[in-house]
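S.K.: After the structure tokens below, expect a handful of questions from me.
The values are calculated or read from the model by the stated rules, or taken from the named source; none is laboratory data. Owing to the predicted nature of the structure, the values given are computational and were not obtained by experimental measurement. Note: ideal-geometry Cβ built from the backbone for every residue, glycine included; neighbour counts use all protein chains shown.
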Amino acid sequence: MEAWEGRRLQLDGQEFLRFRGLWSREDVPALVEEWGCLGIDRAAARSEARGKHGWTELLVDHPGPPGAMYSELFADWIRLSGLMDYAVGLFGLQHDHAAIGALVEVLRAPAGGPRDPEQIRAGYRDEGWLRGILGGAARMNMSCEFDADTNSMTLVSRDPSKRGGQPGFSAMMDLRLTPDGIAETLAGLVNDWLPPLHPYLASEGGAFHLAYRPPPDLLSTLWMQFANVLTAERALKVCSFDACPGPPARPHLFLWRYGSGATSAKNSTSRYCHPRCASAASADRRREGDRMDLEARDRTPDVSIELPGAPAPERDEERPAEGRTA
């Protein structure tokens, strides 16, 4: 696709997962350098044209006037990344029903669980769905609240000026903690970010077929990728390399392997999210094998076996000195 400033981007269909995990402003520049602007201004304009300001109001600090080019702030990227983590976390809950109970347990805690992004980052170090949901909400400056009467979770803005929002916006944030309720909320969330697609007639080899023009901005493309993941019913994999740095450096959660030498999407059996993780894991296994071999040699006792009639081994103290006669 053609991205910001005319640069061309080669996409493999799962870049959405790379834009998760932005926790601080130090995480953002590498992605900006690689991808350019996301197109937040276009997403904001679409929301306004539809009469919906909900997510845009929530995530963008200073939306520009209609027609103005919006300058993307690092804070906006972090909030959008939190929303993506939140969406992936919901997708995980839909497939891992046991995690729903774990989420309810955290929300029932007297203090409602950790709410500060850094507390959540430190408390949930793995790529579990709870980290995605709680950490994603925190980076959107929101808190997860549990309603036992309706068995639902609501996201409440911690910014008093944004708690009212548009009519019905709060209701859209309610999440019934059942598989059907999660799927319904997830579909509504993704739909709010998808752009309208315009079909056109294409001809190939004398035959006609309908095709669709891709979205004009990267942000819409990322959400379309996630929509494709949901409809394809592919399970997300977790990188098997324990020291995988995760996004934005590497996806960590993946569908097929990234990077040069990536396996095909249809036949991927990779355990690693990126060739670098595969190489690092292989190097770790070699080092571990060398260490175990060395320890095994150190533990092997030096046992001498004396055969009947064989001369005993000479001892240094009994060996005659060189040049001395007996």
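S.K.: Looking at the stretch 182-231, which of its residues are aromatic (Phe, Trp, Tyr) and either within 25 Å of Ala49 (Cα to Cα) or in a loop (DSSP other than H, G, I, E, B) (or both)?
M.R.: Those that are aromatic (Phe, Trp, Tyr) and either within 25 Å of Ala49 (Cα to Cα) or in a loop (DSSP other than H, G, I, E, B) (or both): Trp193, Tyr200, Tyr212, Trp223, Phe226.
S.K.: Moving to a separate point now. For the stretch 96-137, give me the residue count where each residue is surrounded by fewer than 18 Cβ atoms within 10 Å (Cβ to Cβ), modelled with pLDDT of 85 or more and within 17 Å of Leu17 (Cα to Cα).
M.R.: 0
S.K.: Give just the number: which of (1) more than 22 Å from Leu80 (Cβ to Cβ); (2) touching a residue at least 40 places away in the same chain (Cβ under 8 Å) does Trp129 not satisfy?
M.R.: Trp129 satisfies all of (1) more than 22 Å from Leu80 (Cβ to Cβ); (2) touching a residue at least 40 places away in the same chain (Cβ under 8 Å) except (1).
S.K.: Give just the number: which of (1) modelled with pLDDT of 90 or more; (2) in a loop (DSSP other than H, G, I, E, B) does Ala235 not satisfy?
M.R.: (1)
S.K.: Residues of the stretch 176-189 being under 28 Å from Gly39 (Cα atoms) and buried (at least 18 other Cβ atoms within 10 Å of the Cβ), which ones?
M.R.: Within the stretch 176-189, Ile182, Thr185, Leu186, Leu189 qualify.
S.K.: Taking the residues in the stretch 262-321 that are modelled with pLDDT of 70 or more and in a loop (DSSP other than H, G, I, E, B) as candidates, determine which candidate is surrounded by the most Cβ atoms within 10 Å (Cβ to Cβ).
M.R.: Once the filter is applied, the top-ranked residue is Cys273.
S.K.: A further question on this structure: Does any residue of the stretch 113-126 turn out to be over 17 Å from Leu236 (Cβ atoms), in a strand (DSSP E or B) and not polar (S, T, N, Q)?
M.R.: There is no residue in the stretch 113-126 that is over 17 Å from Leu236 (Cβ atoms), in a strand (DSSP E or B) and not polar (S, T, N, Q).
S.K.: Please go through the stretch 138-155 and give me each residue that is over 12 Å from Leu175 (Cβ atoms) and surrounded by fewer than 20 Cβ atoms within 10 Å (Cβ to Cβ), ordered by number.
M.R.: The answer is Asn141, Ser143, Ala148, Asp149.
S.K.: Another question, then. For the stretch 150-170, indicate whether the set of residues that are at pLDDT 90 or above, part of a helix (DSSP H, G or I) and closer than 30 Å to Ala45 by Cβ is non-empty.
M.R.: Within the stretch 150-170, none of the residues are at pLDDT 90 or above, part of a helix (DSSP H, G or I) and closer than 30 Å to Ala45 by Cβ.
S.K.: Oh, and also: Name the one entry in Ala207, Ala227, Ala211, Ala232 that is in contact (Cβ under 8 Å) with a residue 24 or more places away in the chain and either among the hydrophobic types (A, V, I, L, M, F, W, C) or farther than 17 Å from Leu31 by Cβ (or both).
M.R.: Ala227
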